[in-house]
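Asker: I'd like to ask some things about the structure below.
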There are 2 protein chains.
Amino acid sequence: MSTDVDPSVVFRRYLSAMVIHSLASAEAAGLNPTDYFALNLLDLAGSLTSGELARRTGLTTGATTRLIDRLEKGGHVRRVLDPADRRKVIVEMVAAPDHVDRAVAGARRRLGAVIGGYDREEQATLFDYFTKAAVAYQESTDELLAQREA
Amino acid sequence: MSTDVDPSVVFRRYLSAMVIHSLASAEAAGLNPTDYFALNLLDLAGSLTSGELARRTGLTTGATTRLIDRLEKGGHVRRVLDPADRRKVIVEMVAAPDHVDRAVAGARRRLGAVIGGYDREEQATLFDYFTKAAVAYQESTDELLAQREA
DNA sequence: AGTTTTACCTGCATCAGTGCAGATAAATAC
DNA sequence: GTATTTATCTGCACTGATGCAGGTAAAACT
């Protein structure tokens, strides 16, 4: 079995499998990649204004308006007026619609089982990694964003 | 600081950050999401026939031909004739073009630093997780695929 | 050998997401 | 209080990815 213990290969497979599943589940949930991307931005940030969303997606403000329209129509977000600046539109996530839950249910179940198979100490290591890796990804993304703007 | 130790929140953030970075780096590398998705399928499988690629992406064979055209033109894959069945076209990945490397360089560096910060035993735990999680994602993806076909 | 099926490719039409330019409304500067 | 800037929205046109129908070539079946 598994003669393949090269760490970089293991890691690449893991990444690819994750990416594939992400996009496949997005599609299963009826989301196009842009909308899925935006939803992840919102999930991470909590909420964003229309303009911030435009900046981070790289879309024009016009295209972003339509993006928000689609997400709102699909029940993923809602528009909230900023009380402090009434020109602004704050985009807030709402609870994920059923069809999204269904699309990711299988992965959630299986991953839960995998993680549940580790002892307390190992789980602590994993979650420490998740936390640090998230930061690493965010910094890397910001770097790409800065390059795009330059 | 971090009053937030809820594991599911940590994990969601990690996932979102990863997804965002994936899509952002794909875009930085000049890849549309579909092409990026296909490239990940190929990375995971090693190589696929045109038909298999069509099935897994959910595209028609016609659209898949154009997809392969784009990937070939971008220097990401090459077409190889199957010696056993000359109707078939095997799509093989070639070394990633420079612009892709550049797009993911920041993340690779940062993640390398994160992983390098763990001791040998912790790293073993992480890689064990990567291996098992990859399987979990693949199974979940196959499940979604089966549902789509049903 | 002839027929059917399989695998991929090509021409044409469509459509969804997008950019762009201009409109509106609110905040800020003068 | 008027002018300027900022934030979002709308109308219109475009483009590129996609589906569909038909075409070619090879394999499999009879």
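The values are calculated or read from the model by the stated rules, or taken from the named source; none is laboratory data. Quick caveat: nothing in here was measured; it's all calculated off a predicted structure. Heads up, the Cβs are rebuilt from the backbone with ideal geometry, glycines too, and the neighbour counts pull from every protein chain shown. Ligands, DNA and RNA are stripped out before the accessible areas are found, and what is left, the full protein with its side chains, is counted by its heavy atoms. Shrake-Rupley method; radii C 1.70, N 1.55, O 1.52, S 1.80 Å.
Asker: If r is the Cβ-Cβ distance from A:Asp128 to A:His99 and R0 is 45 Å, what FRET efficiency results, to the nearest 0.05? Provide the component values of the computation, followed by the final result.
Answerer: Values: r = 33 Å, r/R0 = 0.74.
Efficiency, rounded to the nearest 0.05: 0.85.
Asker: Enter the angle in degrees (range 0 to 90, nearest 10) between the Cα long axis of helix A:7-28 and the first principal axis of the Cα atoms of chain A, meaning the one along which they spread out most.
Answerer: 40 degrees
Asker: Right, here's the next one. Over region A:63-109, with a single point scatterer placed on each C-alpha, what log10 of the ratio I(q)/I(0) does the Debye formula yield at q = 0.13, 0.19 1/Å?
Answerer: For the requested q values the scattering log ratios are -0.40, -0.68.
Asker: When each copy gets a label point 7 Å from Cα toward the beta-carbon at B:Pro7, what are the spacings between them in nm, shortest first?
Answerer: Once sorted, the set of distances for B:Pro7 reads 2.5 nm.
Asker: Evaluate peptide A:117-124: per residue, the Cβ atoms of other protein chains within 10 Å of its Cβ; return the mean as an integer. Mind showing how you got there, number by number?
Answerer: Numbers: counts 3, 4, 1, 0, 3, 7, 3, 2.
Mean partner shielding for this stretch: 3.
Asker: On to the next question. About the Cα centre of the protein assembly as shown, how large is the charge dipole given +1 on each Lys and Arg Cβ and -1 on each Asp and Glu Cβ? Please answer in debye to the nearest 20.
Answerer: I would put it at about 960 debye.
Asker: Report A:Val94's accessible area, 1.4 Å probe, all protein chains in place, as a number in Å² to the nearest 10.
Answerer: Roll a 1.4 Å probe over it and A:Val94 shows about 50 Å².
Asker: If you don't mind, another one. Can you tell me the accessible area per residue over the protein assembly as shown, all protein chains present, probe 1.4 angstrom, in square angstrom?
Answerer: 54 Å²
Asker: Here is a follow-up. Give me the percent of the accessible area of region B:7-150 that comes from carbon and sulfur atoms, probe 1.4 Å, all protein chains in place.
Answerer: Result for region B:7-150: 53 percent of the exposed heavy-atom area is carbon or sulfur.
Asker: While we're looking at this one, here's another question. Among A:Gly62, A:Leu39, A:Val77, whose Cα sits farthest toward the positive end of the charge dipole of region A:31-95 (+1 at Cβ of Lys/Arg, -1 at Cβ of Asp/Glu, about the Cα centre)?
Answerer: Value: A:Gly62.
Asker: While we're looking at this one, here's another question. Can you name the chain A residue with its Cβ nearest the rotation axis from A to B, and give the distance in Å as a whole number?
Answerer: A:Pro33, 2
Asker: Check cross-link reach from A:Lys88 to the aspartates and glutamates: straight Cα distance under 13 Å, and skip same-chain residues fewer than eight apart.
Answerer: By straight Cα distance, A:Lys88 reaches A:Glu52.
Asker: Please work out how much length the chain gains when fully extended from B:Ala146 to B:Thr60, using 0.36 nm per residue of separation minus the C-alpha to C-alpha distance, in nm with one decimal. Before the final figure, lay out each step's value.
Answerer: Numbers: separation 86, 0.36 × 86 = 30.96 nm, distance 1.67 nm.
Separation in residues times 0.36 nm, less the Cα-Cα distance, equals 29.3 nm.
Asker: Translational diffusion coefficient of region B:32-95 at 37 °C, 0.692 mPa s, Stokes-Einstein with Kirkwood Rh over Cα pairs, in µm²/s as a whole number.
Answerer: The calculation lands on 287 µm²/s.
Asker: Any idea what angle helix B:120-149 forms with the longest principal axis of chain B, computed on alpha-carbon atoms, 0 to 90 degrees, nearest 10?
Answerer: So the inclination is approximately 40 degrees.
Asker: Hey, another quick one. With the cut-off at 1.5 for a/c, could you classify region B:74-139 from its C-alpha gyration tensor as rounded, prolate or oblate?
Answerer: Oblate is the answer for region B:74-139, as a/c is 1.5 or above yet b/c matches or exceeds a/b.
Asker: What nm value, rounded to one decimal, do you get for the distance between B:Asp119 and A:Arg120 when each label is placed 7 Å out toward the C-beta?
Answerer: Reported label-point gap for B:Asp119 and A:Arg120 is 1.8 nm.
Asker: Treating only the Cα positions of the protein assembly as shown as identical point scatterers, give the base-10 log of I(q)/I(0) from the Debye formula at each q in 0.08, 0.16 Å⁻¹.
Answerer: Values returned for q = 0.08, 0.16 Å⁻¹ are -0.37, -1.50.
Asker: Put B:Asp35, A:Asp142, A:Asp43 in order of accessible area, largest first, 1.4 Å probe: what do you get?
Answerer: Listed by decreasing accessible area, they come as A:Asp142, A:Asp43, B:Asp35.
Asker: Report the residues of region A:29-48 in range of a label on B:Asp6: point 7 Å along Cα→C-beta, backbone N strictly under 20 Å from it.
Answerer: A:39-48
Asker: In nm², what is the average projected area of the convex hull enclosing the Cα atoms of chain B?
Answerer: Taking a quarter of the hull surface, the average projection is 11.9 nm².
Asker: Buried accessible area between B and A (1.4 Å probe, both chains summed, ligands and nucleic acids excluded), in Å² to the nearest 100?
Answerer: The summed interface area works out to 5400 Å².
Asker: Quick one: label points 7 angstrom along Cα→Cβ at B:Asp85, distances to the other copies in nm, smallest first?
Answerer: 5.9
Asker: About the Cα centre of chain B, how large is the charge dipole given +1 on each Lys and Arg Cβ and -1 on each Asp and Glu Cβ? Please answer in debye to the nearest 20.
Answerer: 560 debye
Asker: OK, next. I'd like the distance separating the alpha-carbon centroids of region B:88-150 and region A:41-116, in whole Å.
Answerer: 25 Å
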